Structure formats: C-alpha cells, structure tokens
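Only one structure is covered here, and it is reproduced in the block below.
The values are calculated or read from the model by the stated rules, or taken from the named source; none is laboratory data. Every value quoted in this text rests on a predicted model; they were computed, and no experiment measured them. We place every Cβ from the backbone using ideal geometry, glycine too, and count neighbours over all the protein chains shown.
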Amino acid sequence: MIGRSLVLSAGALLLVGAAHPVQQLNDDSDGRNWSGFGRTYGEQHFSPLTEISAANVKQLGLAWSMDLPVGNSVSAPLAIDGVLYFTRGYSVITAVDALTGEELWVHDPKAPEAAGEKLRQGWGSRGIAWWNGKIYAGTQDGRMIALDAKTGKQVWSSMTMGEKDARFISGPPRVFDGKVIIGHGGADVGAIRGYVTAFDAETGKQLWRFHTVPGNPADGFESPAMEMAAKTWAGEWWKHGGGGTVWNSITYDKDTDTVFLGTGNGSPWNRKIRSNGEGDNLFLCSIVALDAKTGAYKWHYQINPGESWDYNSSMDMELAELEIGGKPRRVLMTAPKNGFFYVLDRDTGKLISAEPYVTVDWASKIDLETGRPVERAGIRYESGRASFSPSPIGAHSWLPMAFSPLNRLIYIPAIDLSVSYSDEGVDLKNWKRTPGMTLDFGVVAEINPQPNAISNSALVAWDPVTQKQAWRVQTPAHFPGGVMATAGNLVFQGQIDDQFRAYDGKTGKVLWTFDTKAPVVAPPITYQVKGEQYVTVLTGFGTSGAYLSNLVEDYRIDYATQARRVLTFKLGGKAALPDKTEYVREAVDDPDFVADAAAEKRGVDGYVARCLVCHGGYAVGGGVAPDLRTSAAILSDESFAPIVHEGLLVSRGMPQFAELDRKARDDIRQFLRKRADDLRKESVKLAKAD
C-alpha cells in the first residue's frame, strides 16, 4: 500500500495517514488533523497537541498569511492531511496548502444569487464539515452541498427547505456514521417550524427529518414526540410557525449513537402571541436527544420553558466525563444565552447542576429537583416594561467555548449586557408578522451595557464540577472571539481590538499576543503537518455582532478596508503583516440636507426592520456591511434605488427589497442622511475639542 503504513493497536488494524473518518473525529484522536467544527464529535474545541506550550508560546510567530476578498470571514477552518479548508462570504469554500498558504481550489456555490429574500438574514457561513474525502457546507439559499476535497468539484447537492419560506442556513453541518446533518435559521423573521435533516454523506439522499415544534394537529403528527409536544402549546400556534430552529449547535455521542440538538427561540418571541401566553412550548429552547440512525426522540431537557426572550439554547454543547459526587458521569455541558452554565447527564437528560456565569437577574436559580428556572416576577413583561440580564444577544453567542480535559475547565467567551422588554402598543390578538423576512418579534427589546461595567465581555474559566469561576479576564467590547484550548496548557482567543492572545489555561495570565491588524472573532484551530504544530485563525469582523455595532464604533471597523486574512503560526515563524491604515469614518458631504422629523421616524422604522441586521444599530457600521452614513448612495433615489430596489449588488450580499416604493426609500434615506448629519456635527465637535 503506497504512502500508508499499517499499525496494530489493541488488536485493531488502523490506517495511519489515511484520514480515516471515524478515527480522527473521535474525542481521543491524536490531534494531527482538525476534522470538524469542534475538532471531534464531542465539540470540545480542544487539541491534545503539546509542541506549542505555555513554556514556549512566546516563540510563536507568523508562518504565512493569505489575503481574502471583501466579504465576511468568521468561520472555523478545517485541517486535513496538510490541507486547510475554510469558507468565507456565502459558503465560498477554499482549499490551501497548510505549509505555504498556496491556494489549491475555490468553489463558489453562488448562494446570494440563488437566495432571493433569504439573503435578508444571516451573515454567511460559520463553518464546514469533512467526511471520507468530502467537504460539506450549507448555503444561504438552503442547499446542502458535498465537494470532492481534492478538486473542489461538486459531488452532490440536496435542497433542505422550501424556495419561498423564511429558512436559511448559516451554521456548520456535522457528520457522523456516514451521515451529514444540518438545521436552519429564520425563526426571527418568518412563520416557520424548526427541523433538522440528515442525509447520506455519500449520495445526498435524505435519511430522516426531526421537527422541533409541532404543526397543525389537524394534519396529524410526524412522530409521538410531536404529539407529546403539542400538549404544551395553546391556541393556533402553527399559524405563527412556532420556531425552535437548530441554527447552530449539533453534537454527536458516538458511544450511544445519539445526536443532541440545541434548539432556538419561539416564533415570534412573544409567547402571548404565539401560544396565548400559555404552556412550556416544547421543544423551544431545549436540548433534544435523538437516535442517530433513525432520528427518533430519546429525551429532552428544556432550558427555558415558555421561552419569551430569544433565550435560545443553540450555543455549543460539549461532551465530557467528569467525576461528580465521587462517581464518573458522562455529561453534556452548555452555556446558553440565559446566563446559566448547565451540566446534564447525557444518557438520561437529567439536570446535574446549573449556576450563573455572568450577571443574571431574570431568575434567582435553577431548581435542581424540577429542572426549571425560578423566574423573577414580571420578567414576562406581563405588567409592562421589564428590565433584566442577560440580553437576547446572549450571555454566550455562537462563537464557541472550549473544554480542557487537562485542566478540567471550560473557557467561555461571555457577554454581559442587559435588556428591557415591552409589548405595550402591540396588538396581541390581531398581530401579523411583517412580510419579507423583516425583523418583527411581537415585542420591543432595548439592549444596553451593564451599568458601570468595566467591559461588556470576558473570557471566563469555569469549573463544571464545582460550578465556580476559576478565573476571568475582561475582553473588549460586546462580542468576544471563539476559543480553543490545547494540552500545552494554552487557551487561544482573538478579540475585536486586533489582538490574538494565548492565555495560561490554569491562571488566565496572558502569555502571548500578536497584532493581527484586524479584528479576530473566528474560532482558531491547531494541527500538525510533517510533525510540526501550527495554529490558524481567520481575521475580519462579520457576524451577528452587527446588531450592536454602535458598541464597537471606537474600534473603527470598516467593511471595505478591514484586513480579511488567513493567519497561520508556528514556533519560530518570522513572517510579518503590512502596517494597518487606520480607518477614519467621514460622513458623506450633503449640503442640501434639511431635517424632517416625521420622515426620519418613518425611516428609522423601515431601517430597523430591513437594514439593521447588517448595517448596524443607529446606522453605525460595524464591519459587517458598509456604514451608510458615509455612502453617497443615500443622497438620491437615483443612486439608492438600483441597489436597494433593483438588486444591483445581490452577488456581493446586498439583498433586493423590491417591495420598497419611492416614499419608503425616501424615508429610509432621510433617516440615514440625518445620521450622517449627526456624524458630521460630532466630528466638528471633536475637532474643536482637539
């Protein structure tokens, strides 16, 4: 057998160097490859490699870099047998030589052009999967595609959703036992039911589908699980969709052949609308265990019964074996949006423990007997405005935490924000969702920093056995980067302040820092090529942090000019990056601007519904899309209409809004021109102060 060696190990015949799909995805694999989003089935984001360690990480240097085109770049790469694979923009997948950065192939599925209205939500792909010589990705328009890992040629493509529904894919698929599984997003903007779909990894044939919330009982139920779940809903919930999308986290337990789903929020958020204010609404905001062969329900644990705040459970779920109460326990650990860290028995779903890892005041505790939160009075905004922490951005977003079996600690990129909810003025009985995949929750949410907070985020080291903090390091802004831990007693994390850092896993001491010349929020990976350990991360800010881009305004992140790169490091690396040119945000010159409060009010409503998701809160660009206060396109409808109404820039990710007539466009422009005028005045004020 040319190029392969045979090794006998514990009576089993293994192919070393053959990239065996089962062996290298096992949690105890050797770390030579990084073969899945979390490296292995257990999603620990941990590597057993030790060549780069706390003792020598100061010698870590840049081996090579690769510039990327304009477009969001926040995905976790894969590293298989000396080749790096990553996705940028809308599932544009690239393969490069991991030693040199030489591009091997690029595959562009042309997802924006195919997406239609689905392009109005999401920020591109968060990751890809690998199995048996193929690369897998979901696309914004709903396809699951498989590519030949050597050539980038498409092997198969399967549609996972309807062409006209509000579903879209941004999360990474997962693979197991010859299957590939994917969910979808869209519950915030459409009347949809969540589900996951499993395909044959070789052929693309659909094997099974599991819905996460029940449909109309008159149509019958797909499974006994849906019949059971329907008893926890009220009214005509199916008309609103229900939600419960699996837009991010899926974890596989090989030992029991179980798939765990982390489900999302309700559709709409407000339970008063979707379920007459009644019921637990299964399986919203839950961990659901399924038989991996058939998709049959095994058990569930609901984190937020009757979810009403976008407190979804779609954050990564990590598997481990811990000694708890003097006995070994097979556990699932997760840090969902609601601010409590949960440890569950992964065989039964029984809650073991749950404690807050950030500021939490929506509930006093999680009752260990019932498994239910002890909610604070009034948090369901049943008596008017309700304010509490954390916010719907989440105490932990999709950017993954990491678990170190070496230190027995979880490292969480935590977020500390508060929120106020109110549905005053909302017609609860006659509410209808705004069409066109626009933001409409059935409630108004106002998100704020914590009062007197030093920072809105932190890297938190958490002991999952004692449920206590081991250490905490404050991090910049409100959107900390994904985390990776290694057996070298290191924790790697990039941050929005252009710094990529390595921490001592036991103490939190900063051991190494590299100036990346651009924000780093993507999860890093580490792997071996020819016996040498490398670390790779993508730079560039482009993800759901855009909702609160006003909180990152001081970091001057520009969509067009920020450096998007692949950075690869090794011990003794000597490569360098070019100097960064600081971005100066200058308002477009608009001498004809005249304020119009009524038009601006109408314009802000239109902007929030359609534009905020990418162009940022208060029209402050955060790097996900251009800052429209600086764009000449807002000065006239002749410039604005081709982009917004006619779809001139769809191929670059700018959706088409054909339903916006001239008056609606003029109102949005008026709001944007007012925000540009505010920026001009602020700049003049600062100049005088200097």
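When restricted to residues that are touching a residue at least 40 places away in the same chain (Cβ under 8 Å), within 24 Å of Y90 (Cα to Cα) and either within 28 Å of the chain's Cα centre (by Cα) or outside any loop (DSSP other than H, G, I, E, B) (or both), the range 608-646 contains 20. For the range 355-391, a residue qualifies if it is assigned to a strand (DSSP E or B) and under 24 Å from Q474 (Cβ atoms), and the qualifying residues are E355, P356, S387, F388.
Of the strands (runs of 3 or more DSSP E) that lie entirely inside the range 410-472, those containing 1 or more residues that are touching a Ser or Thr at 6+ places or on another chain (Cβ under 7 Å) and of a type in the set (V, I, T) span 417-422, 444-449.
Contact annotation: residue pairs with Cβ atoms under 9 Å, 6 or more positions apart or on different chains, pairing a residue in the range 293-313 that is of a type in the set (A, V, I, L, M) and at pLDDT 95 or above with a partner that is surrounded by fewer than 19 Cβ atoms within 10 Å (Cβ to Cβ) and not in a loop (DSSP other than H, G, I, E, B), are A296/W208; A296/P224.
Results for (1) part of a loop (DSSP other than H, G, I, E, B); (2) within 18 Å of G138 (Cα to Cα); (3) modelled with pLDDT of 95 or more, shown as yes or no for each residue.
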position	(1), (2), (3)
G31	yes, no, yes
T40	yes, no, yes
G61	no, no, yes
G71	yes, yes, no
Y85	no, yes, yes
L99	yes, no, yes
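One line per residue, one yes/no per condition, for (1) buried (at least 19 other Cβ atoms within 10 Å of the Cβ); (2) small (G, A, S); (3) in contact with a Cys (Cβ under 8 Å, 6 or more places away or on another chain):
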{"site": "V604", "(1), (2), (3)": "yes, no, no"}
{"site": "C614", "(1), (2), (3)": "yes, no, no"}
{"site": "E638", "(1), (2), (3)": "no, no, no"}
{"site": "P655", "(1), (2), (3)": "yes, no, no"}
{"site": "A664", "(1), (2), (3)": "no, yes, no"}
{"site": "R669", "(1), (2), (3)": "yes, no, no"}
{"site": "L672", "(1), (2), (3)": "yes, no, no"}
{"site": "A676", "(1), (2), (3)": "yes, yes, no"}
{"site": "V684", "(1), (2), (3)": "no, no, no"}
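The set of residues in the range 491-515 being on the phi > 0 side of the Ramachandran plot and either buried (at least 21 other Cβ atoms within 10 Å of the Cβ) or in contact with an Asp or Glu (Cβ under 9 Å, 6 or more places away or on another chain) (or both) consists of D498 alone.
In the range 439-490, of all residues being in contact with a Pro (Cβ under 8 Å, 6 or more places away or on another chain), closer than 30 Å to G425 by Cα and of a type in the set (V, I, T), the one that is surrounded by the most Cβ atoms within 10 Å (Cβ to Cβ) corresponds to V443. Looking only at the range 642-653, residues that are surrounded by 19 or more Cβ atoms within 10 Å (Cβ to Cβ) and of a type outside the set (V, I, T) come to 1 in all.
For the range 672-686, the criterion of being over 24 Å from I496 (Cα atoms), in contact (Cβ under 8 Å) with a residue 24 or more places away in the chain and of a type in the set (G, A, S) is met by at least one residue. Among the residues of the range 281-300, write down those that are outside any loop (DSSP other than H, G, I, E, B) and polar (S, T, N, Q). Answer for the range 281-300, where residues must be outside any loop (DSSP other than H, G, I, E, B) and polar (S, T, N, Q): just S286. Would you say G573 is within 19 Å of I128 (Cβ to Cβ) and either at pLDDT 95 or above or not aromatic (F, W, Y) (or both)? Answer is no for this residue.
May I ask you to verify whether A201 is farther than 23 Å from I303 by Cα, buried (at least 19 other Cβ atoms within 10 Å of the Cβ) and in contact with a strand residue (DSSP E or B) (Cβ under 9 Å, 6 or more places away or on another chain)? Yes. Filtering Y421, Y411, Y381 for residues that are touching a residue at least 40 places away in the same chain (Cβ under 8 Å), hydroxyl-bearing (S, T, Y) and over 20 Å from D188 (Cβ atoms) leaves a single hit, Y411. Looking only at the range 215-230, how many residues end up being within 29 Å of the chain's Cα centre (by Cα) and part of a helix (DSSP H, G or I)? Within the range 215-230, residues that are within 29 Å of the chain's Cα centre (by Cα) and part of a helix (DSSP H, G or I) number 4. A595 - would you say it is over 31 Å from the mean Cα position of the chain (by Cα) and either crowded, with 21+ Cβ neighbours inside 10 Å or of a type in the set (A, V, I, L, M) (or both)? The answer is yes for A595. Might you let me know whether the range 500-516 holds any residue that is touching a Pro at 6+ places or on another chain (Cβ under 8 Å), among the charged types (D, E, K, R), farther than 20 Å from A414 by Cα and at pLDDT 95 or above? There is no residue in the range 500-516 that is touching a Pro at 6+ places or on another chain (Cβ under 8 Å), among the charged types (D, E, K, R), farther than 20 Å from A414 by Cα and at pLDDT 95 or above. Annotation: of all residues in the range 183-201 being touching a Lys or Arg at 6+ places or on another chain (Cβ under 8 Å) and not small (G, A, S), the one that is farthest from D148 (Cα to Cα) is V189. Taken together, the residues in the range 361-389 that are polar (S, T, N, Q), more than 27 Å from the chain's Cα centre (by Cα) and surrounded by 13 or more Cβ atoms within 10 Å (Cβ to Cβ) amount to 0.
When the criteria are applied in full, G621 meets the requirement of being in contact with an Asp or Glu (Cβ under 7 Å, 6 or more places away or on another chain), crowded, with 18+ Cβ neighbours inside 10 Å and closer than 22 Å to I557 by Cα.
Selection of the range 301-320 for residues being farther than 27 Å from R408 by Cβ and either under 22 Å from the mean Cα position of the chain (by Cα) or not in a loop (DSSP other than H, G, I, E, B) (or both) yields Q302, N304, E307, S308, W309, D310, Y311, N312. A search for C-beta distances below 6 Å between a residue of the range 549-561 that is free of Cβ contacts under 8 Å to residues at least 24 places away in the same chain and any residue that is assigned to a loop (DSSP other than H, G, I, E, B) and not acidic (D, E), counting only pairs 6+ apart in sequence or on different chains, returns T561/Y583. Number of residues in the range 32-69 that are out of contact with any Phe, Trp or Tyr (no Cβ under 7 Å at 6 or more places or on another chain), more than 21 Å from V331 (Cα to Cα) and either surrounded by fewer than 24 Cβ atoms within 10 Å (Cβ to Cβ) or without any contact (Cβ under 8 Å) to a residue 12 or more places away in the chain (or both): the value is 14.
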